[in-house]
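We did not get these values from a lab; they are worked out from the coordinates using the rules stated. What you are looking at is a predicted structure, and each value in this text was computed from that prediction instead of being measured. Quick reminder, even Gly has a Cβ in these numbers, built from the backbone with ideal geometry, and neighbours come from all protein chains shown.
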Amino acid sequence: MSNSFSSNINRSPRILVLSVRGFRFQAANCCIYEFEDVLTDLESAQLHVANPNRGFDVACKIYRGVKYLGGSDSLALKATPFPTELVLEHEYDLLFAVLDNPFQFHLLESIKGWREKCRYTACFITEMWQPDLQIKRLFREPWSNFDHVF
């Protein structure tokens, strides 16, 4: 009887998980952090925790201001100097972003090459309220980066 897990041990991760636990480490989010840990353990996924201490505060303020004034994610991304924390060196089957709310989509910019190196993208938003769906700047652009949003 062969052990199917032995072939996965030496393989590079197929899934990259983006976590906000570095930004919002709260007791209320423990279930989400456990979910990320289970996913990384079961699938040998790579967990990336964005670091709030590397210039993200200033970059987030610039991003929000440009996006609010210009109404465009792509314009805000071009004008914002997000720090690169992770450079992808190999390809992934899936980038799975676990976010507290839809206003954290910009955290993806801490991962250089995520659009080119990730075959599929999915996002799990833990807190989304019905009135948020009516916010004009959430209508189109942020959702277009993902194949699936949960």
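I need the full set of residues from the stretch 76-116 which are touching a residue at least 40 places away in the same chain (Cβ under 8 Å), in a loop (DSSP other than H, G, I, E, B) and of a type outside the set (Asp, Glu), in order please. Residues satisfying the conditions are 88, 90. When 18, 88 are screened for being under 24 Å from residue 147 (Cβ atoms), crowded, with 17+ Cβ neighbours inside 10 Å, touching a Ser or Thr at 6+ places or on another chain (Cβ under 9 Å) and of a type outside the set (Asp, Glu), only 18 passes.
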